1. Output the residues belonging to segment 57-67 that are part of a helix (DSSP H, G or I) and surrounded by fewer than 16 Cβ atoms within 10 Å (Cβ to Cβ).
2. Give the residues of segment 1-40 that are at pLDDT 95 or above, in a helix (DSSP H, G or I) and among the aromatic types (F, W, Y), sorted by residue number.
3. Residues of segment 54-69 being more than 8 Å from the chain's Cα centre (by Cα) and of a type outside the set (D, E, K, R), which ones?
4. Restrict the check to segment 48-55 and report whether at least one residue is under 18 Å from S16 (Cβ atoms) and free of Cβ contacts under 8 Å to residues at least 24 places away in the same chain.
5. Count, please, the residues in segment 32-54 that happen to be within 30 Å of K12 (Cα to Cα) and surrounded by fewer than 11 Cβ atoms within 10 Å (Cβ to Cβ).
6. When you go through (1) in contact with a Lys or Arg (Cβ under 8 Å, 6 or more places away or on another chain); (2) at pLDDT 90 or above; (3) buried (at least 16 other Cβ atoms within 10 Å of the Cβ) one by one for V72, which number turns out not to apply?
Amino acid sequence: MSEACRKRRYVKHWISKLTDSDGENSETLVWLDFVKASKYINEETYYQLTEQSEEVGKLINYMINNPGKFGVKPLE
């Protein structure tokens, strides 16, 4: 995420870095499935963490779709 903020000047870089972040967040969901299946975490913890991850995904997608609200301006 910090990489995306450093690239705020360029819309395509911003979106690229946030897309990478979204992919990493999706990978987190896979690992949560794995640790739940392996019984490293209980159901309640699993659902709390997956809900948080889904919320992070929504926020990342909002940032991708609304770059202007985060100081990203296309070069003129």
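The values are calculated or read from the model by the stated rules, or taken from the named source; none is laboratory data. Computed from a predicted structure; not experimentally measured. A quick note on method: Cβ atoms are made from the backbone with ideal geometry, for glycine too, and the neighbour counts reach across all protein chains shown.
1. Selection gives K58, L59, N61, Y62, N65.
2. W31, F34
3. Matches in segment 54-69: Y62, M63, I64, N65, N66, P67, G68.
4. no
5. 1
6. (2)
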